[in-house]
Amino acid sequence: KYKEAARLLVLQKIPHFNAFYQFKINRVAIKNTKSRWGSCSKRGNLNFNYKIALLSPELSDYVIVHELCHLGEFNHSKKFWDLVSKTIPNYEELKSKFK
């Protein structure tokens, strides 16, 4: 039921944010994962949990940008968070809402 809504959301938002980052994306998939909101592979594949469609716009934007930035930094280093902060300056506040 929510899978198609999630696909539309992600496919609309990725070009918006990637206009800033200019990362090469291979494939985008919507999945039913148990413990993750999203993931990124070294091949440039972005995966998102279908439940992203149920999040508030600011939280879904955070998840999308988080995974997108892994295409530039495949870790959670300071460089990674610096990338995230360029389009989601309040990422720390949003990140805390997932705990």
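So what are the stretch 43-89's ellipsoid semi-axes, whole angstrom, largest first, if each one is the square root of 5 times an eigenvalue of the alpha-carbon gyration tensor? All intermediate terms of the calculation are to be shown ahead of the outcome.
Details: eigenvalues 72, 39, 9 Å².
One finds semi-axes of 19, 14, 7 Å for the stretch 43-89.
Using DSSP, restrict attention to beta bridges with both residues in the chain and report what percent are antiparallel, rounded to the nearest 5.
Working: 3 of 8 bridges.
Close to 40 percent.
Helix-only estimate, please: 222 nm mean residue ellipticity of the chain, summing -39500 (n - 2.57) across DSSP H runs of length 4 or more and dividing by its residues, to the nearest 500. Walk me through the numbers before you get to the answer.
Details: 4 runs with 48 residues, N = 99.
Roughly -15000 deg cm²/dmol at 222 nm, from the helical runs in the chain.
Ranked highest first by the average count of other Cβ atoms within 10 Å around their residues, in what order do 80-93, 53-66, 24-37 fall? It would help to have the intermediate numbers written out before the result.
Values: 80-93: 15.5, 53-66: 18.2, 24-37: 12.4.
Ranked by mean Cβ neighbours within 10 Å, highest first: 53-66, 80-93, 24-37.
Extension gain Asn90-Arg36, at 0.36 nm per residue separation less the Cα-Cα distance, in nm? Intermediate values should be presented prior to the final figure.
Values: separation 54, 0.36 × 54 = 19.44 nm, distance 2.08 nm.
Gain on extension, Asn90 to Arg36, equals 17.4 nm.
Enter the Cα centre distance for the pair the stretch 21-38 and the stretch 72-91, rounded to the nearest angstrom.
16
Per residue, what accessible area does the stretch 1-66 have, given a 1.4 Å probe and all protein chains present, in Å²? It would help to have the intermediate numbers written out before the result.
Details: 4050 Å² over 66 residues.
Here the residues of the stretch 1-66 average 61 Å² of exposed surface.
Could you give the size of the charge dipole of the chain about its Cα centre, using +1 on the Cβ of each K and R and -1 on the Cβ of each D and E, expressed in debye and rounded to the nearest 20? The partial results should precede the final answer.
Values: 18 positive and 8 negative charges, 100 e Å.
With Lys and Arg at +1 and Asp and Glu at -1, about 480 debye.
What number in nm² do you get for the chain if you take the convex hull of its Cα atoms and divide its surface by four? Write down the numbers at each step before the final one.
Values: hull surface 23.3 nm².
Its Cα hull, projected and averaged over all orientations, spans 5.8 nm².
Ignoring ligands, DNA and RNA, please state the percent of accessible area on the chain from carbon and sulfur, probe 1.4 Å. Walk me through the numbers on the way to the answer.
Values: 3140 of 6080 Å².
Carbon-and-sulfur percentage of accessible area, whole number: 52.
Taking 0.36 nm per residue of sequence separation and subtracting the Cα-Cα distance, how much length would be gained by fully extending the chain between Tyr21 and Arg43, in nm to one decimal? Walk me through the numbers before you get to the answer.
Values: separation 22, 0.36 × 22 = 7.92 nm, distance 1.70 nm.
Length gained, Tyr21 through Arg43: 6.2 nm.
The values are calculated or read from the model by the stated rules, or taken from the named source; none is laboratory data. Model, not experiment: these values are computed from the prediction. Reconstructed Cβ throughout: ideal geometry from the backbone, glycine too, with neighbour counts over all protein chains shown. Please note that ligands, DNA and RNA were not included when accessible areas were found on the heavy atoms of the full protein model with its side chains. Shrake-Rupley method; radii C 1.70, N 1.55, O 1.52, S 1.80 Å.
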